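Below is one structure, written out as C-alpha cells, with a few remarks after it.
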Amino acid sequence: MKRILIMLLLGIGVILTCGIFLKPQKMTGLKLCSTCPPGFELTDSNQCKLRSLYQLYESGKGNEPGVGGLRTALPEVRDGFTPQQIDLGRYLFFDPVLSGNQTVSCASCHQPDKGFSDGLKTSVGISHKPLKRAAPSLWNVAFLKKFFWDARAKTLEEQMTGPLYSADEMGTTREQLLKTLNGIGLYRDLFSQAFPDKKSDDIVLNEVYLAIAAFESSLISLNSRYDQYAHGYHEALTKNEIEGLNVFRSFVARCAECHTPPLFTNQQVAVIGLAEPDRSFDSGAARVFHDSTLRGAFKVPSLRNAALTAPYSHSGRFEKLEDMISFYTKGRGHEVPATEELHIHWHIWEPGLSSHEISLLSDFIKTLSDESFKPQVPEILPSGIRLKNKLSTRLVSSVSNIK
Amino acid sequence: MKLFLKVVVALVLFGGGIYLGKVFFGRSKNIPAPVPSYFNGDGASASDSAAMGAGTVTGKIFEIKPGHSIQAAVGQANPGDLIRIYPGVYHETVYIDKDNISLQGVIENGEWPILDGEKKMNDAILYSGNGTLIENIKITNYKGNGIMGQAGNNYVIRNNWIVDTGVYGIFPQFGKNGLVERNILTGIEDAAIYIGMCDNVDVRFNEVYGNVAGIEIENSRHALVEYNYTHNNTGGILAFLTPGLPIKTCFDVIIRNNYVLNNNTKNFGAVGSTVSHIPKGTGVLIMAADDVTIENNIIMGNENSGITITDYTNAGVNHANDPESEPNADRITLLDNFMDKNGSDPIDEIKLLMKMKLSKKGLDIIAVGGGEGSCILNPDRYVTFGVDKYLTCKASDTHAVKTYLLAKPVAPRQTTVAEKGKMTYYGVCSGCHAYNTRLVGPPVVMVQAVYKSNPKGIVDFITNPVHKREDYPEMPPQNYLSPETRQAVAEYMLSITK
C-alpha cells in the first residue's frame, strides 16, 4: 500500500489535465475542464448527465423512485450542467475569497476529507463563534429536494445564500461578492468560459450560484460495498454486515423507514425528540412552516458516508455512530424536557436493541462509505489565495478505500 | 383524544345545524356525486399467481427439513428456484434479496413448518426481490414483522398462519402488484395485514382476529380488500393517509364483501403508534384517504361505530403535520352494506353525539371533519352521524372491478446489455478511468489501444487483475460485477469516443 501511495504522489505532476494553469506564475490562461467528473457522461450538447447502476431499475416502473428497497431507482437528479460550470464551481467552492474577510470558503465547513462536513459539533464561521447547527454532508445533494436541517430551502442556490450572507458564517454581501469576483481578471475569464452566452461582461450572482450548485451536484457516492450487495453481489458484505442490514431494515429498529435506500433518507422532516442539554431548545422546522406540530422537527439526513461525518445529529451531540443509535433505543421521548410537548414521529419507540445489535448497525452503516468520486482540491485558486492543504486528497483516499 | 373532544363539540353544534336544515329542506338527492374513474373498469381481469410473475418454478427445488437452514438454501438459490420447507421448527430470519424465489411450506398430516423467533429475533421473513412467493408457513414469536417486503413487486403471500409476530404480521412496503390471500393472523400489536405505500394489491379471503388493527391500507393506491373475515380486533379494516411519509396519497380503495364483526378488543398498540389511538369497537375506519368505496360488507357488533370517516385533524392522532399531505377524506362512496348492533358502547365523544340526535341506538356510520364529493346509498338503513351532507351515489356497485392486480407483471429490473455497459462504466469505472486523462488508473484510450477488439481480454483482466504498469496502482478485482456486466462494460469501454 505504501508503494502505491508513493507512486501516486510521484504521479500527481502529470495528473492534472483539467483546470491546469498554463502559465501559473502569471495566473493567466486558466482553462476550465472540458470533461465531466466521474459518474457523468458528456453529451453531444456539452452537458454532464449522471449515469448510475441504479438507473437500470427505472425500467420496471414498479416502485416510486428513491423510497426504499435494495433495487430502487434514484429520485430525480439535478444534472445537465456543463463540464466548465462544474469546474468553475469547484474553484469557487474552495476559494475563501467568497467570504467577507477572505478566510472561509464553502469547503471550510464542507471538507472533502471529512465527508464534506467538518468534524465539529456545530460549525464555525468567520466570527469564530460556534454556529447553531452542524454542517450537513454534501454527498448526493443532487437528489435532495429540501436543504438545511430545518428544510427551509428548496434549491441549492437558495441554500447557499444562507451561509454566504450570514454575518457569522461567510459574512459577505451580494454587493461585496460581486465586487470581489469582478475585480479578479481570472474569474472574469473563467465565468465567460463557463457561460459563453452571457450577456454582460460582468459576473452576476446567478452565475455564481449556478456554478457552485453544479459542482455540489457532481458529488455522487453510490459505489459503496452496500451498493455492490444491492446490485446482486452478496459476497460484498460480511456476515456481520448483512446481519446489520437486517437489523437496519427490521421493524424493531425501523432505521430503514426514514433512512430509506437508495439514498438512506426519505427526505422528510421528523421529530425524534432530541434535547439540547447546553442551550435553548431548537424549534427546527416549526419556524419554517409556521406549524407548532413540527417543533423540534429536522430533516432526515442521508447515511451515505456517515462513518466520515461524526459527530452526529443537528447539534453534533453524538461522537460515535453507536452513541447516535443508542439514542433511539432508550425509549420514545426519553430526552424531552417537561416543558416541551413534541409530536414525536411514530417510528420512534423503544426497540430494546442489544449492544450487539447496535454494533451490527454501526458495522452496516460503515458499508455505506464510498469516496471513489471524490473531487480534486484545486492546486491553486484564481483569487491567488493559497490553500493550506494543497495536495489533492482524492487519489490517496480512493485507493485506501478499495477493499 | 383531547383534540378529538374539542372538535367533536364544535361538530355537534355544526351537525345540529345540519340536522335542523335537513328537517326543513330535506336531503339533496338529485345532485349526482362524482363517480370515481375505476367504475369504468377498464379491462382489469383476475390474475393467478403465475400470471403475476411469482411462484413460477423454472429451476431447482430445495427440500428443507428440520436441522437445515432455510437461509442457506436462499443463499444458494437462483431466480426461478423453489424452496420447500418441511414440518418442524426453524429459528431464523430469512432474507430474500433475489428475484423469483418461492418459499413453500409443506403441511403433512396437519403438521406445519414453523418459523419461531422465540421472542428474540426481529423479523421472520424479509424480501426485496421481485416475484417472491411465500406460502403455507406458520410464523410465531418474532418481535418485528412476520413477513416484510421492501420494494419487491409481483409478490404473493398466501395461506400463512401468523401468530404474535410483533408489530406487523404481513407487511409489503413499496411493492407493486401483490396478492395477500387466505392467511390467518392473530396477536399482532399493530396491523395484522399492513399494506404500506404499495400499489395494485388484492387482499382477500384472510381471517384476522385479536389484533389491534385487522387490515390496514396506508398511503397505498389501487387496493381491493374483499372476502376477509375481520373480527375481535380493536379496529377491523382501516384505510389511512398518514402524514410524514414519502408517499403522499392513499386512494382508490375498495372494501367489499367482508365480515367486520365485534372488533371490540382493548387497544394494546405501542404508545405513540398511529393505531394506539383507535378506539376499541371500530369496524371500518377511513382517515384522510380518498376514493374509498365500502360495499356489501356485513358490519356488526362493533361497539364504537360500524364505519368511521374522518379527516386527519379529527382523528385525534398526535403526529406532526405534513404540508404535502392533504388531510381530508374525499370522495368516499358508501354503497349498500349490512350493518347492525354497532355503537353500543362508544367513546364519550360519540355518546355526546348520540344525545344530540336523541338516539339510543348506537351509530353505524359516523363522518367527521372536512372532505368533499362523498356519497351514500340508502342512508335510512343505518344510524348515522355527519353523512347528511353526502350526496346520493350514482354508482350502485363495483362489479366492474374484478381485481386491482395488473394484467401483466411489473417488468423485471433489467435493461439492455448496452445500457448496462454504459451505466457500469460511468457509474463505477469512471472514478479511476477517464476517457483521455489520467485519474487513478490508465485512461480509456490506453485501454482501447491495448485491447482494440478484444473485450474478453478486458473481462479476464478485471476479473483477475495482475499488476502491469509500474507507474499505476494495481487494480482491485471487479468480480462483484456479474459476468454479463463485465462483458457489457468491456464492450462499452472499447466503444466510447469521448
Selected residue (only one of A:Leu190, A:Leu219 is within 23 Å of A:Arg51 (Cβ to Cβ) and either under 24 Å from the mean Cα position of the chain (by Cα) or not in a loop (DSSP other than H, G, I, E, B) (or both)): A:Leu219
Residue match in the range A:196-206 (condition: crowded, with 21+ Cβ neighbours inside 10 Å and in a helix (DSSP H, G or I)): no
Flag for B:Lys402 being touching a helix residue (DSSP H, G or I) at 6+ places or on another chain (Cβ under 8 Å), open to solvent by 40 Å² or more (accessible area, probe 1.4 Å), at pLDDT 90 or above and away from chain A (no Cβ under 13 Å): no
Top-ranked residue in the range A:34-61 [being more than 7 Å from chain B (Cβ to nearest Cβ), at pLDDT 95 or above and within 23 Å of the chain's Cα centre (by Cα); ranked as farthest from A:His231 (Cα to Cα)]: A:Gln47
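Determine if the range B:242-250 includes at least one residue that is in a strand (DSSP E or B) and modelled with pLDDT of 95 or more. If you could, list the steps in order and put the result at the bottom.
Looking only at the range B:242-250, we keep the residues that are in a strand (DSSP E or B), and these are none.
Checked the range B:242-250: no residue is in a strand (DSSP E or B) and modelled with pLDDT of 95 or more.
If you check A:Lys121, A:Lys114, which single one turns out to be within 25 Å of A:Arg317 (Cβ to Cβ), of a type outside the set (Phe, Trp, Tyr), touching a helix residue (DSSP H, G or I) at 6+ places or on another chain (Cβ under 8 Å) and open to solvent by 10 Å² or more (accessible area, probe 1.4 Å)? Lay out the reasoning, then the answer.
On the way: A:Lys121 fails: touching a helix residue (DSSP H, G or I) at 6+ places or on another chain (Cβ under 8 Å).
From the options A:Lys121, A:Lys114, the qualifying one is A:Lys114.
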Cβ-Cβ under 6 Å pairs, at least 6 apart or on other chains, the range B:111-125 side closer than 17 Å to B:Met148 by Cβ, far side aromatic (Phe, Trp, Tyr) and assigned to a strand (DSSP E or B): B:Leu115/B:Tyr90
1 or more residues open to solvent by 20 Å² or more (accessible area, probe 1.4 Å) and under 26 Å from B:Lys120 (Cα atoms): qualifying helices (runs of 4 or more DSSP H) within the range A:227-329: A:239-249, A:255-258, A:321-329
Tally, over the range B:270-287, of residues that are at pLDDT 95 or above and more than 16 Å from B:Ile365 (Cα to Cα): 0
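When you look at B:Val260, is it within 14 Å of another protein chain (Cβ to nearest Cβ), outside any loop (DSSP other than H, G, I, E, B) and in contact with a strand residue (DSSP E or B) (Cβ under 7 Å, 6 or more places away or on another chain), yes or no? Give the steps one after another, and end with the answer.
Values: within 14 Å of another protein chain (Cβ to nearest Cβ): no; outside any loop (DSSP other than H, G, I, E, B): yes; in contact with a strand residue (DSSP E or B) (Cβ under 7 Å, 6 or more places away or on another chain): yes.
No.
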Listing of strands (runs of 3 or more DSSP E) fully contained in the range B:126-234 that carry 2 or more residues being touching an Asp or Glu at 6+ places or on another chain (Cβ under 6 Å) and open to solvent by less than 10 Å² (accessible area, probe 1.4 Å): B:145-150, B:191-196
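Go through A:Leu205, A:Leu219 for me and flag whichever is among the aliphatic types (A, V, I, L, M), more than 24 Å from B:Gln173 (Cα to Cα) and touching a Pro at 6+ places or on another chain (Cβ under 8 Å).
On the way: A:Leu205 fails: touching a Pro at 6+ places or on another chain (Cβ under 8 Å).
Exactly one residue qualifies, and that residue is A:Leu219.
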Count - residues of the range A:96-117 that are touching a residue at least 40 places away in the same chain (Cβ under 8 Å) and closer than 18 Å to A:Pro37 by Cβ: 6
When residues of the range B:243-296 are limited to those that are in contact with a Phe, Trp or Tyr (Cβ under 7 Å, 6 or more places away or on another chain) and within 26 Å of B:Lys143 (Cβ to Cβ), the one most open to solvent (accessible area, probe 1.4 Å): B:Ala270
Residue count for the range A:157-174, restricted to those that are crowded, with 22+ Cβ neighbours inside 10 Å and assigned to a helix (DSSP H, G or I): 4
Residue ID - least open to solvent (accessible area, probe 1.4 Å), chosen from residues in the range A:124-146 that are in contact with a helix residue (DSSP H, G or I) (Cβ under 9 Å, 6 or more places away or on another chain) and free of Cβ contacts under 8 Å to residues at least 40 places away in the same chain: A:Ala135
Per-region count, the range A:373-396, residues at pLDDT 50 or above and farther than 12 Å from A:Pro112 by Cβ: 9
Residue within the range B:338-352 that is surrounded by fewer than 18 Cβ atoms within 10 Å (Cβ to Cβ), modelled with pLDDT under 90 and within 30 Å of A:Ile344 (Cβ to Cβ) present: yes
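The values are calculated or read from the model by the stated rules, or taken from the named source; none is laboratory data. Quantities reported herein were computed from a predicted structural model and do not represent experimental measurements. All Cβ positions, even for glycine, are placed from backbone atoms using ideal geometry, and neighbour counts span all protein chains on display. Note: areas computed on protein heavy atoms with side chains; ligands, DNA, RNA excluded. Shrake-Rupley method; radii C 1.70, N 1.55, O 1.52, S 1.80 Å.
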